[in-house]
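Colleague: Shown below is the structure under consideration.
The values are calculated or read from the model by the stated rules, or taken from the named source; none is laboratory data. Because the structure is a prediction, the values reported are computed rather than measured. Note: accessible area is taken over every heavy atom of the protein model, side chains too, but ligands, DNA and RNA are not part of it. Shrake-Rupley method; radii C 1.70, N 1.55, O 1.52, S 1.80 Å.
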Amino acid sequence: LNDGTIPLPLIGSVYVRYLTLQEAENELIQKFSSKLLVPELSIKILTPRLITVSVVGEVNRPGLHSNLEKPRKLPKVSDAIKKAGGITHKTNLRNIKLFRRLPGPSEELKVTELDFVELILNGDQSQNIYLFDGDIIQLSKAENIDEGANQALYSNLSPETITVQVIGQVVSPGNKTI
C-alpha cells in the first residue's frame, strides 16, 4: 500500500517500505513463524510501480520525474536527465551526483559521483546506472569546461530545440523555436 505496508491474513499489516525483496521475505517468514509450523514463502514482483526521481540543478526542467513512457523498465540516469528537459550549456557533466536511500529503516543516503563525459565520449556504461524510486540526481554548474566536456555538451542529453523570446523593435516579436 502507499504507506509501505502489506496487509496479510493471520499476521495483519507488515511494514516493508525500503526493504529489499530478501529482507521483506525474511521479515514475513519471521512474522508467520509464530502462526505456522513451517512458514515457506517467496516474494515476486508481478507489476512494478512507476519510479519517481528528483532531478535538480543544471537541467532545463528540474523537479520530480516519473518513468511514464517505460513502466516495465528501470530507467537510467540519462533517461531522467532527458525527461528533465536535458542539460544546459553550463552543466558540469564530469560530476553528476546520485543520492540514494539505503535499504532498511534508517534514512541514510549513499552518494555516487558519475562522469557523463566518460559515458558520452568513451561509452563507459558504468556511469549510466539504473535508478530506484526516490533517487535524487544533482547536476551542478561547471566552473571551467574542458575540451572533452565541451564536446559532450552537444550530445543527445542536450534539448533538441531551444525556445527564445524576441522582444523590442523587430518585425515579428515573440517566442521562437530554434
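Colleague: Keeping all protein chains in the complex and leaving out DNA, RNA and ligands, what accessible area do you get for F132 with a 1.4 Å probe, in Å² to the nearest 10?
Modeller: 100 Å²
Colleague: Using a 1.4 angstrom probe on the protein heavy atoms only, line up E25, E107 by accessible area, largest first.
Modeller: Largest accessible area first, the residues go E107, E25.
Colleague: With a 1.4 Å probe and all protein chains left in place, how much accessible area per residue does region 16-119 have, in Å²?
Modeller: 63 Å²
Colleague: Between 0 and 90 degrees, rounded to the nearest ten: what's the tilt of helix 21-32 against the longest Cα principal axis of the chain?
Modeller: In the chain, helix 21-32 runs at an angle near 30 degrees to the longest axis.
Colleague: Which label belongs to the value computed from this structure, given these candidates for Rg and Dmax of the Cα atoms in Å: [x] 19.1, 61; [y] 22.0, 84; [z] 16.3, 53?
Modeller: [y]
Colleague: Leaving out same-chain residues fewer than 8 places away, which aspartates and glutamates sit with a Cα under 12 Å from that of K31?
Modeller: Once the sequence-local aspartates and glutamates are set aside, what remains near K31 is E40.
Colleague: Tally up the carbon and sulfur contribution to the accessible surface of the chain as a whole percent, 1.4 Å probe, everything protein left in place.
Modeller: Looking at the chain in its full context, I get 53 percent from C and S.
Colleague: Contour minus end-to-end for E143 and R49, with contour as 0.36 nm per residue of separation and end-to-end as the Cα-Cα distance?
Modeller: Working: separation 94, 0.36 × 94 = 33.84 nm, distance 3.83 nm.
Gain on stretching E143 to R49: 30.0 nm.
Colleague: Specify the residue with the greatest mean-square fluctuation among V164, V56, V38, computed from a Gaussian network of the chain linking alpha-carbon atoms under 10 Å apart.
Modeller: Taking springs between Cα atoms under 10 Å, the residue moving most is V164.
Colleague: Report the extension gain between I129 and D3 in nm, rounded to one decimal, defined as 0.36 nm multiplied by the number of residues separating them, less their alpha carbon distance.
Modeller: Answer, rounded to one decimal: 42.6 nm.
Colleague: Got a sec to turn the phi values of region 33-48 into Karplus ³J(HN,Hα) couplings, 6.51 cos²θ - 1.76 cosθ + 1.60 with θ = phi - 60°, whole Hz, x for Gly and Pro?
Modeller: 5, 7, 10, 10, 5, 10, x, 10, 7, 9, 10, 9, 8, 8, 10, x
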